[in-house]
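**Q** I'd like to ask you about the structure that follows.
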Amino acid sequence: MIPTNKGMNMQIYANVATLPEKKNVRGTGRIYFEFRAAESSKGSDPSPTWFTVRAFDEAPEVAKGDFLKITGKLKQDVFTG
């Protein structure tokens, strides 16, 4: 049996990098809000870890630069450029 993180929550502390954008789930039309956040070590970090955050049902009241505690399920997408 291979362990997975399906259904497991994680927690990060990160700075908001973009304002929330309202979107709809294809097929169901359910509303969600999406923004980017950067998790980094203390001080200046030349290569932070980036997350796309999706909040459902209610618009998050956040501004660029806000420091947040974010809890939720992780879905990994890998980008190589």
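**Q** Whenever you get a sec, line up ILE70, ILE12 from highest to lowest accessible area (probe 1.4 Å, protein heavy atoms).
**A** The ordering from most to least exposed comes out as ILE70, ILE12.
**Q** Where does the Debye-calculated log10 I(q)/I(0) of the chain sit at q = 0.11, 0.14, 0.20, 0.26 Å⁻¹, using only Cα point scatterers of equal weight, no solvent?
**A** Debye intensities relative to I(0), on a log10 scale: -0.35, -0.56, -1.03, -1.36.
**Q** Counting heavy atoms of the protein chains only and a 1.4 Å probe, report the per residue accessible area for the chain as a whole number of Å².
**A** Result: 85 Å² per residue.
**Q** Okay, next question. THR18's amide H: which non-local residues (gap 5+, or another chain) put their own amide H closer than 5 Å, with H modeled 1.01 Å from N in plane and none for Pro or chain starts?
**A** Long-range HN contacts for THR18: ARG36.
**Q** Keeping the other protein chains in place, figure out the carbon and sulfur percent of the accessible area of the chain, with a 1.4 Å probe.
**A** Summing carbon and sulfur atoms, their accessible area is 51 percent of the total for the chain.
**Q** Pulled fully out, how much extra length does the chain show between SER47 and LEU74, if you take 0.36 nm times their separation in residues and subtract their Cα-Cα distance?
**A** Extra length available between SER47 and LEU74 comes to 7.7 nm.
The values are calculated or read from the model by the stated rules, or taken from the named source; none is laboratory data. All values derive from a computational prediction rather than experimental measurement. The area values use the complete protein model at the heavy-atom level, side chains included, leaving out ligands, DNA and RNA. Shrake-Rupley method; radii C 1.70, N 1.55, O 1.52, S 1.80 Å.
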